1. Being of a type in the set (S, T, Y) and in a loop (DSSP other than H, G, I, E, B) is the filter here, so list the residues in the stretch A:23-61 that pass it.
2. Which number in (1) within 10 Å of another protein chain (Cβ to nearest Cβ); (2) in a helix (DSSP H, G or I) marks the one condition that B:I85 misses?
3. Suppose we filter the stretch B:2-20 for residues that are hydroxyl-bearing (S, T, Y) and more than 13 Å from B:V84 (Cα to Cα); how many remain?
4. Suppose we keep only residues that are within 14 Å of chain B (Cβ to nearest Cβ) and buried (at least 17 other Cβ atoms within 10 Å of the Cβ) within the stretch A:32-56. Which one would you say is modelled with the lowest pLDDT?
5. Does B:S91 satisfy being more than 11 Å from every other protein chain (Cβ to nearest Cβ), small (G, A, S) and in a helix (DSSP H, G or I)?
6. Considering every residue within the stretch B:99-115, establish whether at least one is surrounded by fewer than 18 Cβ atoms within 10 Å (Cβ to Cβ) and in contact (Cβ under 8 Å) with a residue 24 or more places away in the chain.
7. Quick one: is A:D34 of a type in the set (D, E, K, R) and either farther than 25 Å from A:L4 by Cα or touching a His at 6+ places or on another chain (Cβ under 8 Å) (or both)?
8. If the requirement is being under 15 Å from B:Y40 (Cβ atoms) and away from chain A (no Cβ under 14 Å), which of these qualifies: B:L80, B:L119, B:L109, B:L60?
Protein chains: 2
Amino acid sequence: MEELPGALGTSGSLALRLGQAIFAVGSLLFMCLDVEFYSYTAFCFLVTIMGLVIPWSLTLAVVDVFSVFIRRPSRQRGILSIVVIGDWVLSFLSLAASCSTASVSSLLLASEGFCIGKLCTRYQLSAAMAFLSWFLSLSSSLFNLWLLPSV
Amino acid sequence: MEELPGALGTSGSLALRLGQAIFAVGSLLFMCLDVEFYSYTAFCFLVTIMGLVIPWSLTLAVVDVFSVFIRRPSRQRGILSIVVIGDWVLSFLSLAASCSTASVSSLLLASEGFCIGKLCTRYQLSAAMAFLSWFLSLSSSLFNLWLLPSV
């Protein structure tokens, strides 16, 4: 089996997973810390999805750490399919969440009296981090999809 | 070459393309007719993307009509790749546009004084139609991706 950088069990995949988790945590921090996010549906959606992305990415990062540093387990087609579909669904959901957050925060920024201090900038940063997390998640999904027929 | 329903050049694909175009036109009509949509970024984004989806889907529908009713041209790998990538990009863009529109319209619905009459219901219907168009576009993309290795 050829070694595809970014596929499950390689150091490239570990970097992608860590990137996803870091960006998702950053997005959550910008959104949740000291902000009443739960009065807007789009922000609740973002928090929910980022709360799903973090455990998913960390779990797969642990698998990658095990695979890189200890012992490469044999790849199984069923497990790889589940990983591809999970990445897929999460990437769609995080794209939807980041776009919703970005549009709502730009609307709030345009209307007077909503953004006290740098509140809307924080919303926008949160959306940007969710967008980066989406991009890395899509990359993981594509790399694993590419590997799938050869397993 | 086996016949996959929904792949380029079949009647299933024709139905998918017509569905995409009809939903995109419906979304545009609900958004544009008698509404000042251009004061919101998300709505302008939706109108732009739906304006891209309509010619793309109609062009491929014409290809399907030619292929179904007149003569099946031989599928070429390069053309099929372009179709898959185009569907792919447009499906991501229309998902982003529909989610942005949905979140902005629900925000406008929640705040007082913005929705005169049934304005926000129209925005929501437009977002729903863009969402359906996304779903059909994703289906087309997946069917053609499935066909791609066998060409």
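The values are calculated or read from the model by the stated rules, or taken from the named source; none is laboratory data. These numbers were taken from a predicted model, which means no experiment stands behind them. Please note: Cβ atoms are built from the backbone with ideal geometry, for glycine as well, and neighbour counts cover all protein chains shown.
1. A:Y40
2. (1)
3. 2
4. A:F37
5. no
6. No - not one qualifying residue is present in the stretch B:99-115.
7. yes
8. On inspection, the qualifying residue turns out to be B:L119.
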